[in-house]
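Everything below concerns the one structure shown next.
The values are calculated or read from the model by the stated rules, or taken from the named source; none is laboratory data. Quick caveat, the model's predicted, so the values are computed rather than measured. Every residue, glycine as well, gets a Cβ built from its backbone with ideal geometry; the counts of neighbours run over all protein chains shown.
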Amino acid sequence: MWHPTPALRHPLPPANWPTAEEAARGRWFRPIALAGTTLATRTWVPAMVPWRATDDGEVTDDVVEWYARFAAGKPGALVVEATGIRDVPSGPLLRIGDERFVPGLARLVEAVQRASGGATRLFVQLIDFLAVKRRPSKEKYFGRHLVVEPRHGAALAAATGDERWRTAPEAELRARLAAADEALLDRVLDERELEAYRFGYRERVTDTHLDHVRELPRTLPPLFAAAARRARAAGFDGVELHYAHAYTMASFLSRRNTRTDGYGGSRERRVRLPLEVMRAVRKAVGSSFTVGVRFLGDEVIEGGIRIEDATWYAVEFARAGFDFLSISKGGRFEDAKQPAVGAAVYPYTGPSGYECMPTVLSDAKGPFSRNVPLAGAIRRRLREVGYDTPVVTAGGIATFDQAEQILARGDADIVAAARQSLADPDWFEKVRRGLGVEVRRCHFTNYCEGLDQMHKQVTCKLWDRLDHDDPDAKRSADGRRLVAPPWSAPH
Ligand SMILES: Cc1cc2nc3c(=O)[nH]c(=O)nc-3n(C[C@H](O)[C@H](O)[C@H](O)COP(=O)(O)O)c2cc1C
Ligand code: SF4
């Protein structure tokens with residue numbers, strides 16, 4: 001995984017765990033009202049894809065057990081992984097693009113309610129993404145994928161000084177390119193072709209020559225709206241629209257969105273589709289159902305949005321009636337590492353990916369609470385202009401003290417922890433009961449993220465090999481237990 005240089009290995013922040021009374025007096029375990037629902041505490045588990053759905057996107061027993069395990073720790077809110085709004089095959093990622101997904105999702109909702117004793121509010125993250133193909137072999141790319149045009153022959157002739165390439169038969173041209181070195185290919189292929197060859201083909205929201213991409217402003221609002229309606233039917237407490245990281249809606253918000261059809265260019269135009277989607281969703285589910293959004297406080301990539309754009313978007317989102325704003329950072333394709341042949345580009349391998357899920361191998365600033373200033377800037381701007389929309393922050397948060405300081409400073413209203421909750425799903429309960437010394441603390445070295453990258457069932461290195469002889473522990477094909485061992489809270 002990429003990390004900023006110079007690489008320093010940061011120790012975990014000291015944890016001065018509170019007594020039960022101190023926890024009760026603190027801010028983190030106080031309730032907060034979102035329009036549509038109330039969270040019993042300001043603790044939150046953000047979306048994490050665990051790779052446990054069927055290949056048809058259906059909820060499995062493993063999915064149910066994964067979320068029930070988080071719910072046992074009674075977070076104020078739990079957000080179900082990025083769930084696809086279309087009815088198209090997308091591997092073992094959850095989907096909500098048709099009515100047939102509702103019963104499985106309802107089973108998940110019931111399991112979370114049961115496991116948390118009704119303490120946890122459950123949201124589902126709704127996502128749309130564009131096509132990303134695996135990196136092809138050189139033979140495959142030049143044998144089949146490249147669409148050969150006269151300009152390729154002309155460029156090859158110019159680069160080699162051999163005029164015969166201008167009129168050479170396609171098969172010969174393909175064979176010559178398949179044998180060419182990288183420097184020659186740099187001169188013959190255009191930027192998108194080089195990307196498709198070196199990283200795998202990837203669609204962009206600016207590919208308006210493709211009908212389905214041009215039509216996104218017409219197709220996405222009803223798709224998101226129908227998905228949100230299904231989420232309500234399944235019994236979720238709300239939805240989180242995924243406008244962050246590498247996916248379609250974040251790409252509309254990106255400064256790199258140069259569409260010329262009124263949905264790109266200036267920030268007023270870039271935010272237009274995200275707002276139209278929001279209005280369609282709201283119309284579909286009404287005002288008593290929570291509709292939040294996750295978006296980027298900074299894209300990190302060159303030419304991407306910065307906090308100035310994000311604060312402006314935040315005000316637009318608050319004005320449009322989002323019930324919470326969850327702030328993330330980075331996680332873009334544009335600066336991702338080259339994948340191996342046969343693998344797909346993964347948006348958490350470059351500098352922007354590092355910022356999204358920072359590790360202990362870091363720069364002087366370190367990974368802990370690293371992204372909180374973005375949420376802080378956004379929250380302050382909202383309050384200045386009169387909106388009290390709750391703001392959620394995440395990124396390297398793993399102690400009660402961190403959460404209390406964030407809330408006391410007014411950097412956020414809700415403090416989320418993804419990896420720390422994966423390391424120990426009971427940690428909120430342990431802290432609340434004054435049993436913080438029992439917390440299994442995340443090492444922030446991203447073994448879990450490595451599994452996600454390989455599309456393997458996500459587990460945590462701190463518990464997936466524990467209790468090897470436990471006959472009740474369900475395991476992956478490679479022998480890892482799928483959920484954290486149970487914790488018996490003392491009475
Ligand atoms: C395995 C894994 C899967 C993730 N999947 C999602 C996702 O589906 N949607 C999302 O918005 N963020 C996703 N994230 C990012 C987290 O929600 C969170 O923003 C990030 O890990 C930083 O928070 P942390 O330091 O508390 O882990 C994922 C993170 C991990 C480790
Ligand atoms: S695998 Fe590592 S980074 Fe991931 S939750 Fe466990 S300890 Fe934390």
Report task. Restrict the check to the range 434-448 and report whether at least one residue is within 16 Å of ligand 1 (Cβ to nearest atom), assigned by TED's automatic domain parsing to the domain that holds Met48 and of a type in the set (S, T, N, Q). Result -> yes
Query - Residue match in the range 84-93 (condition: away from ligand 2 (no atom under 16 Å from the Cβ), within 20 Å of the chain's Cα centre (by Cα) and in a strand (DSSP E or B)) - result: yes
Query raised in the report: Taking the stated definitions as given, is Ser326 within 17 Å of the chain's Cα centre (by Cα), part of a helix (DSSP H, G or I) and more than 16 Å from ligand 2 (Cβ to nearest atom)?
Result: no
Report summary line: Being part of a loop (DSSP other than H, G, I, E, B) and within 16 Å of ligand 1 (Cβ to nearest atom) narrows Ala250, Ala246 down to just Ala246
Report summary line: Expected single match for without any contact (Cβ under 8 Å) to a residue 24 or more places away in the chain, touching a Phe, Trp or Tyr at 6+ places or on another chain (Cβ under 8 Å) and either in a helix (DSSP H, G or I) or among the acidic types (Asp, Glu) (or both) among Ala196, Ala171, Ala157, Ala228 is Ala157
Report task. State whether one or more residues within the range 333-355 are in contact (Cβ under 8 Å) with a residue 24 or more places away in the chain, more than 30 Å from Glu139 (Cα to Cα), hydrophobic (A, V, I, L, M, F, W, C) and part of a loop (DSSP other than H, G, I, E, B). Result -> no
Requested in this report: Could you identify the single residue in Gly304, Gly264 that is in a loop (DSSP other than H, G, I, E, B), over 21 Å from the mean Cα position of the chain (by Cα), surrounded by fewer than 23 Cβ atoms within 10 Å (Cβ to Cβ) and more than 16 Å from ligand 1 (Cβ to nearest atom)?
Outcome: Gly264
Requested in this report: Consider only pairs whose beta carbons are under 9 Å apart and that are at least six residues apart or on different chains; among these, list those whose first residue lies in the range 260-288 and is more than 13 Å from Ala225 (Cα to Cα) and whose second residue is at pLDDT below 95 and of a type in the set (Phe, Trp, Tyr).
Outcome: none
Report summary line: Of the conditions (1) of a type outside the set (S, T, N, Q); (2) within 30 Å of Pro347 (Cα to Cα); (3) not in a helix (DSSP H, G or I), the single one that Ala68 does not satisfy is (3)
Report task. Output the number of the condition that Val49 fails; it satisfies all remaining conditions of (1) within 28 Å of Gly353 (Cα to Cα); (2) in contact (Cβ under 8 Å) with a residue 60 or more places away in the chain; (3) of a type outside the set (Asp, Glu); (4) not in a loop (DSSP other than H, G, I, E, B). Result -> (4)
Requested in this report: Select the helices (runs of 4 or more DSSP H) contained entirely in the range 397-490, then report the ones holding at least 1 residues which are of a type outside the set (Phe, Trp, Tyr) and within 14 Å of ligand 2 (Cβ to nearest atom).
Outcome: 419-423, 447-453
Query raised in the report: Condition test on Thr445, is it more than 29 Å from Ala24 (Cα to Cα), touching a residue at least 60 places away in the same chain (Cβ under 8 Å) and touching a Ser or Thr at 6+ places or on another chain (Cβ under 8 Å)?
Result: yes
Query raised in the report: Only one of Leu216, Leu241 is buried (at least 21 other Cβ atoms within 10 Å of the Cβ), within 25 Å of Arg306 (Cα to Cα) and within 19 Å of the chain's Cα centre (by Cα); which?
Result: Leu241
Requested in this report: State which residue is surrounded by the most Cβ atoms within 10 Å (Cβ to Cβ) when the search covers only the range 363-390 and only residues that are within 14 Å of ligand 1 (Cβ to nearest atom) and aliphatic (A, V, I, L, M).
Outcome: Ala375
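Restricting attention to the range 450-468, report how many residues are within 8 Å of ligand 1 (Cβ to nearest atom), of a type in the set (Asp, Glu) and buried (at least 20 other Cβ atoms within 10 Å of the Cβ).
Qualifying residue count for the region: 0.
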Query raised in the report: Which condition number does Ala53 fail, the rest of (1) crowded, with 17+ Cβ neighbours inside 10 Å; (2) in contact with a Lys or Arg (Cβ under 7 Å, 6 or more places away or on another chain); (3) modelled with pLDDT of 95 or more being met?
Result: (2)
Requested in this report: Could you list all residues from the range 276-300 that are outside any helix (DSSP H, G or I) and surrounded by fewer than 21 Cβ atoms within 10 Å (Cβ to Cβ)?
Outcome: Gly286, Ser287, Ser288
Report summary line: Exactly one of Thr19, Thr120, Thr43 is farther than 19 Å from Tyr247 by Cβ, surrounded by fewer than 22 Cβ atoms within 10 Å (Cβ to Cβ) and β-branched (Val, Ile, Thr), and that residue is Thr19
Report summary line: Filtering the range 1-46 for residues that are aliphatic (A, V, I, L, M), modelled with pLDDT under 95 and not in a strand (DSSP E or B) leaves a count of 5
**Report entry** Within the range 356-372, tally of residues that are free of Cβ contacts under 8 Å to residues at least 40 places away in the same chain and under 14 Å from Arg409 (Cα atoms)
**Finding:** 1
